[in-house]
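To start, I am sharing the structure in question, which I have written as structure tokens.
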Amino acid sequence: MVTTPLRTVALAGVTALALLGATAPAGAAKPATGTVTHDEQITWQGWSGATLAAGTTAGTTVTAAGLTLGTPAGTTPYKDPHTSTKRTWAYGTWTSPLTEVGFGATELVASWNADTPAGTWLQVELQGTYTSGTRTPWYVMGRWASGDADIKRTSVDKQGDKTSSIWTDTFAIDNPATGVLLRAYQLRLTLYRDPAQAASPVVRSVGAMSSTVPDRFTVTPSAGHIAWGTELAVPRHSQEIHAGHYPEYDGGGEAWCSPTSTEMVVEYWGRGPSAADTSWVDPTYPDPTVNHAARMTYDYQYDGAGNWPFNTAYAAGFPGLEAKVTRLHSLDELEHFIAAGIPVVTSQSFLASELDGAGYGTSGHLMVVVGFTATGDVIANDPASPSNDAVRHVYQRAQFEQIWLRTKRTTANGGTGGGSGGIVYLIKPTSVAWPQVAGSTNW
């Protein structure tokens, strides 16, 4: 089977749960008092609403809706590398304050929530400051639009200096053993619009997850007992029933684990593409919303629909939703999201022998954790299933936690492969509070 390669390099009450479609049987286990000491460091830092005013603007302005173009700073040409079309765009910029990570980080993933009407798009950049005091170049973390008529959304390859590189959507320190790590960073947004129109992009939030997750083949199991016996009623979509559909988007549905997972969560929250949005899809194809999600998350440079922030940006394009890419420390943390009624998209890689019941192995795959059994095993909507009815799986807790949190693994040929180190997509309505977990600053 084809899946999306990983790009790793080296609380609500019972009433709210019922409203969200969860089931919490009587007698469900209470939270455990024990804790697990973790060897990773993770933090999320971002700007939204009034805090966007902390940035430096040039041709942009902060309004009640978010950051948008005011009087543009000027115009600039852009030649789309995927169409060779050259157009002139009015633009403005916003630059975040210099932001201290709080530890020496080895990776960073930016994500954003924005609206880009026709004739508009945006670029997200990063400049890091190393623990040595020197700075990186300004790295492009993504050129993005919610549609694909004006530009082809894209990551940018071949970016790096002597210390760091950009791997599709991830900033990474090339050799952490040297001791030179990421100490601080700035994000820069450039908003573009057709000079002949008034409609502009609106950025509602932007931020980044910074982390240091040490190389590890195994992880310490978490205690659980936080959301055992709770299952959320997340719609089930199979990527496999789309095999062969629209091969121009990464070969078709067999590779669409990421947008299929994202779409399941979007639809859980009662949102999704309209009939007009999906009118381009062959009417004989089932579940056209999945086809639409694949097209609208597709990264023309990566040649896939698995770009992490492109997926969360797609989800956040639906009214009232917000989304981000981050890492979690453990299944304990993830259980807090299930207890709050929030399903979580996770990224993992494994051999078939490492995840009983999956029936396949993968170098990188996304699925949706929708709950936990009464004994703590993971209930996942796994899009790598032959039909929608077969999407629900129960995976052994210890096996699942290992394949999701590790950063190193042994491949089928005895070599060493990578793992996501706990990457997740978090998608929810702005009206639903993030769970409060002591000591967590990673969302």
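The values are calculated or read from the model by the stated rules, or taken from the named source; none is laboratory data. Bear in mind the structure is a predicted one, so any value in this text is a computation, not a measurement. Methodologically, a virtual Cβ is constructed for each residue, glycine included, from the backbone with ideal geometry; neighbour enumeration extends over all protein chains shown.
Exactly one condition in (1) in a loop (DSSP other than H, G, I, E, B); (2) assigned by TED's automatic domain parsing to the domain that holds residue 222; (3) touching a helix residue (DSSP H, G or I) at 6+ places or on another chain (Cβ under 8 Å) is false for residue 440; which is it?
Of the numbered conditions (1) in a loop (DSSP other than H, G, I, E, B); (2) assigned by TED's automatic domain parsing to the domain that holds residue 222; (3) touching a helix residue (DSSP H, G or I) at 6+ places or on another chain (Cβ under 8 Å), the odd one out for residue 440 is (2).
Of all the residues that make up region 411-420, how many are assigned to a loop (DSSP other than H, G, I, E, B) and surrounded by fewer than 21 Cβ atoms within 10 Å (Cβ to Cβ)? Give the derivation first.
Within region 411-420, the first condition is being assigned to a loop (DSSP other than H, G, I, E, B), and the residues that meet it are 411-415, 419-420.
Imposing the further condition that a residue be surrounded by fewer than 21 Cβ atoms within 10 Å (Cβ to Cβ) reduces the set to 411-415.
Count: 5.
Now, a different point. Of the residues 273, 221, 201, which single one is in contact with a Ser or Thr (Cβ under 9 Å, 6 or more places away or on another chain) and at pLDDT below 95? Let's see the steps before the verdict.
Working: 273 fails: at pLDDT below 95; 201 fails: at pLDDT below 95.
Residue meeting the stated conditions: 221.
Given 76, 51, which one is assigned to a strand (DSSP E or B) and surrounded by fewer than 17 Cβ atoms within 10 Å (Cβ to Cβ)?
Working: 51 fails: assigned to a strand (DSSP E or B).
Testing whether each residue is assigned to a strand (DSSP E or B) and surrounded by fewer than 17 Cβ atoms within 10 Å (Cβ to Cβ) leaves just 76.
Does region 333-391 hold any residues that are under 25 Å from residue 428 (Cβ atoms) and of a type in the set (D, E, K, R), and which are they?
Answer for region 333-391, where residues must be under 25 Å from residue 428 (Cβ atoms) and of a type in the set (D, E, K, R): 333, 335, 377, 382.
Then there's this: Given the conditions (1) touching a Lys or Arg at 6+ places or on another chain (Cβ under 8 Å); (2) in a loop (DSSP other than H, G, I, E, B), and given that residue 403 satisfies all but one, which numbered condition is not satisfied?
Every condition holds for residue 403 apart from (2).
Sticking with this one: Among (1) assigned to a strand (DSSP E or B); (2) under 22 Å from residue 235 (Cα atoms); (3) not charged (D, E, K, R), there is one condition residue 384 misses while meeting the rest; what is its number?
All conditions pass for residue 384, except number (1).
Any residue that is closer than 30 Å to residue 167 by Cα and surrounded by 13 or more Cβ atoms within 10 Å (Cβ to Cβ) - is there at least one of those in region 386-394? Walk me through it before giving the result.
First, the residues of region 386-394 that are closer than 30 Å to residue 167 by Cα: none.
Looking through region 386-394, none of the residues is closer than 30 Å to residue 167 by Cα and surrounded by 13 or more Cβ atoms within 10 Å (Cβ to Cβ).
Go through the residues of region 399-410 one by one and say whether even a single one is surrounded by fewer than 23 Cβ atoms within 10 Å (Cβ to Cβ) and over 20 Å from residue 214 (Cα atoms).
no
What helices (runs of 4 or more DSSP H) lie completely within region 272-378 and have 1 or more residues being among the polar types (S, T, N, Q) and in contact with a Phe, Trp or Tyr (Cβ under 8 Å, 6 or more places away or on another chain)? Lay out the reasoning, then the answer.
Numbers: elements: 288-297, 308-316, 331-339.
Helices (runs of 4 or more DSSP H) meeting the threshold: 288-297, 308-316.
Residue-by-condition table, conditions (1) buried (at least 24 other Cβ atoms within 10 Å of the Cβ); (2) aliphatic (A, V, I, L, M):
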{"position": "233", "(1), (2)": "no, yes"}
{"position": "247", "(1), (2)": "no, no"}
{"position": "264", "(1), (2)": "yes, yes"}
{"position": "273", "(1), (2)": "no, no"}
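How many residues are under 13 Å from residue 228 (Cα atoms) and among the aromatic types (Phe, Trp, Tyr) if we restrict to region 363-410?
Residues that pass the stated criteria total 1.
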